[in-house]
1. Of all accessible surface on region 4-94 at a 1.4 Å probe, what whole percent is carbon and sulfur?
2. Given an 8 Å cut-off on Cα distances and at least 6 residues of separation, report the relative contact order of the chain as a percent.
3. Once you compute Rg and the Kirkwood Rh from C-alpha atoms, what is the Rg to Rh ratio for region 3-64?
4. Can you work out the accessible area per residue across the chain, with the rest of the protein chains kept in place, probe 1.4 Å, in square angstrom?
5. Dividing the alpha-carbon Rg of the chain by 2.2 N^0.38 Å yields what?
6. Which one of Y79, S25, T112 is farthest out on the positive end of the charge dipole of the chain, using unit charges on Cβ (Lys, Arg +1; Asp, Glu -1) and the Cα centre as origin?
7. Taking the Cα centre of region 24-115 as origin, work out the dipole magnitude from +1 charges on Lys and Arg Cβ and -1 charges on Asp and Glu Cβ, in debye rounded to 20.
8. Amide H of G16 versus every other amide H placed in the peptide plane: which residues, excluding those fewer than 5 positions away on the same chain, fall under 5 Å?
Amino acid sequence: QVQLVESGGGLVQPGGSLRLSCAASGSIGTIYTMAWYRQAPGKQRELVARIRSGASTNYANSVKGRFTISRDNAKNMVYLQMNSLKPEDTAVFYCNVLASRGEYWGQGTQVTVSS
């Protein structure tokens, strides 16, 4: 059984930083891409950042220059370093993995940016 477990969310003041982590376990097969999505209240889920097996990345325009996605292939982990956080970054963040055996989602971790 495949599991994606996220951690690192929480409450932070505007301008602050958080680092999200996601660990993939189980019979997941070969991982192609790892990504972070987010969903704010009343809005659709959107792609925040994606990293491919060759380490190429892409980001939503709203987070470019502030967020950095990285992965540890040996540990099947993906990270999202979030700097200069803004109130509009408040959302539930989800880890996503596309692998040879399917596409998988984490349960989500809440990020709240507020003073």
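The values are calculated or read from the model by the stated rules, or taken from the named source; none is laboratory data. Computed from a predicted structure; not experimentally measured. For neighbour counting, all protein chains shown are included, and Cβ atoms are generated from backbone atoms with ideal geometry for every residue, glycine included. Note: areas computed on protein heavy atoms with side chains; ligands, DNA, RNA excluded. Shrake-Rupley method; radii C 1.70, N 1.55, O 1.52, S 1.80 Å.
1. For region 4-94, the apolar C and S fraction of the accessible surface comes to 47 percent.
2. 37 percent
3. Radius of gyration relative to Kirkwood radius: 0.99.
4. That works out to 52 Å² for each residue.
5. With N residues counted in the chain, Rg over 2.2 N^0.38 Å equals 1.01.
6. Farthest towards the positive end: Y79.
7. 120 debye
8. Here L85 satisfy the definition.
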